[in-house]
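The values are calculated or read from the model by the stated rules, or taken from the named source; none is laboratory data. From a predicted model like this one, the values you see are computed outputs, not experimental measurements. Please note: Cβ atoms are built from the backbone with ideal geometry, for glycine as well, and neighbour counts cover all protein chains shown. The area values use the complete protein model at the heavy-atom level, side chains included, leaving out ligands, DNA and RNA. Shrake-Rupley method; radii C 1.70, N 1.55, O 1.52, S 1.80 Å.
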Amino acid sequence: MTIALQERLDAQITFAMEIDKLKRIIRRNTLIDGSRRENDAEHSWHLGMMAMVMAEHAPPGTDLDKVVAMLLVHDIVEIDAGDTYIYDTVAVEGQAALEQAAADRIFGMLPEDQCRRLRALWDEFEERRTREARFAKALDRLAPILANHHNEGGSWALNKVTARQVLEKVQIITEGSPALGEFAARLIESSVANGHLAP
């Protein structure tokens, strides 16, 4: 192996070791059965699977391989920035700067070509300008709604979240997939009717 190839492999291994830390980032949301809180790695894997299974609900022409790749990298920045609870308005204000710095550091560990590719996927997800990014973001917003609906309010109940707050987030789901947005709205309505989400 040449020195250049060895250096490239060393950088890739360093990155692989670093992203293992994603398994230690505990999210506010629980597993669907409510038994424990999920970690970021589980969340990212679940979203990738959801993208493959729900592909028919993506806009026509969506590149599903790109969506899955985006979902695999979308939360890597939380290794440094931590998981920001979407309904914590104070924490959300400083989130972007923390995540940008984290993206610079973590993706910067890779060889330059791979750094550019993975960072571009992360940036695209954050900017939500493409159909792929909007569909990926829709799934990211749908997953916690599914979990909270199926575990009697879960983190909604613990944090006194209201239906109005959750419905504000459904717009992003609708932008990525009208069918999934409609489904999410029905889940919220059902959660309110069952007393698991405050009106």
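The table that follows gives values for the structure above.
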item	result
Filter result for V68 (in a helix (DSSP H, G or I), under 24 Å from T162 (Cα atoms) and open to solvent by 10 Å² or more (accessible area, probe 1.4 Å))	no
In the range 150-164, residue farthest from T84 (Cα to Cα) [restricted to those that are within 19 Å of the chain's Cα centre (by Cα) and either at pLDDT 95 or above or among the small types (G, A, S) (or both)]	G154
Which numbered condition I86 misses (of (1) closer than 24 Å to S177 by Cβ; (2) open to solvent by less than 50 Å² (accessible area, probe 1.4 Å); (3) among the aliphatic types (A, V, I, L, M); (4) touching a Lys or Arg at 6+ places or on another chain (Cβ under 7 Å))	(2)
Residue within the range 23-46 that is open to solvent by less than 20 Å² (accessible area, probe 1.4 Å) and either among the hydrophobic types (A, V, I, L, M, F, W, C) or more than 19 Å from K137 (Cα to Cα) (or both) present	no
L98 in contact with a Ser or Thr (Cβ under 6 Å, 6 or more places away or on another chain), hydrophobic (A, V, I, L, M, F, W, C), more than 18 Å from S177 (Cβ to Cβ) and in a helix (DSSP H, G or I)	no
